[in-house]
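The values are calculated or read from the model by the stated rules, or taken from the named source; none is laboratory data. Note that the structure is predicted; figures quoted are calculated from it, not measured. FYI the Cβ positions are ideal-geometry reconstructions off the backbone, even for glycines, and counts take in every protein chain you see.
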């Protein structure tokens, strides 16, 4: 008789599946390292949403955050490229999600 194996946590399998399904694009790679590269505070207020020719568009919670992140863009690009292991991000383009909403 074969012994039964203990149940395994589903979180491990879901993490592996999510990694396999993640698009193999610069945007997907940036999104995967974003929180570690920019820190918790910025990651709570801004998310990368698009990429074109090395320029990553970042949707920010407000125009104040968009301006602040825009000023920090060179340092953030360096941090992202360090995490990515190559010079793939050349600029950040920041937009405010809340602008125009009522």
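Just give me the residues in the range 52-102 being in a strand (DSSP E or B) and in contact with a strand residue (DSSP E or B) (Cβ under 7 Å, 6 or more places away or on another chain), in sequence order.
55, 56, 57, 58, 59, 60, 91, 92, 93, 94, 95, 96, listed by residue number.
Return only the number of the condition from (1) surrounded by fewer than 15 Cβ atoms within 10 Å (Cβ to Cβ); (2) touching a helix residue (DSSP H, G or I) at 6+ places or on another chain (Cβ under 9 Å); (3) on the phi < 0 side of the Ramachandran plot that residue 58 does not satisfy.
Only one criterion is unmet by residue 58, namely (1).
Residue check, residue 5 against (1) under 26 Å from residue 91 (Cα atoms); (2) modelled with pLDDT of 80 or more; (3) outside any helix (DSSP H, G or I), all met but one. Which one?
Tallying (1) under 26 Å from residue 91 (Cα atoms); (2) modelled with pLDDT of 80 or more; (3) outside any helix (DSSP H, G or I), residue 5 fails exactly one: (1).
Take the conditions surrounded by 11 or more Cβ atoms within 10 Å (Cβ to Cβ) and part of a strand (DSSP E or B) and apply them to residue 47. Does it pass?
Details: surrounded by 11 or more Cβ atoms within 10 Å (Cβ to Cβ): yes; part of a strand (DSSP E or B): yes.
So residue 47 fits the description; yes.
Of the conditions (1) more than 19 Å from residue 95 (Cα to Cα); (2) under 15 Å from the mean Cα position of the chain (by Cα), residue 10 satisfies every one except a single condition; which number is it?
So the condition that residue 10 fails would be (2).
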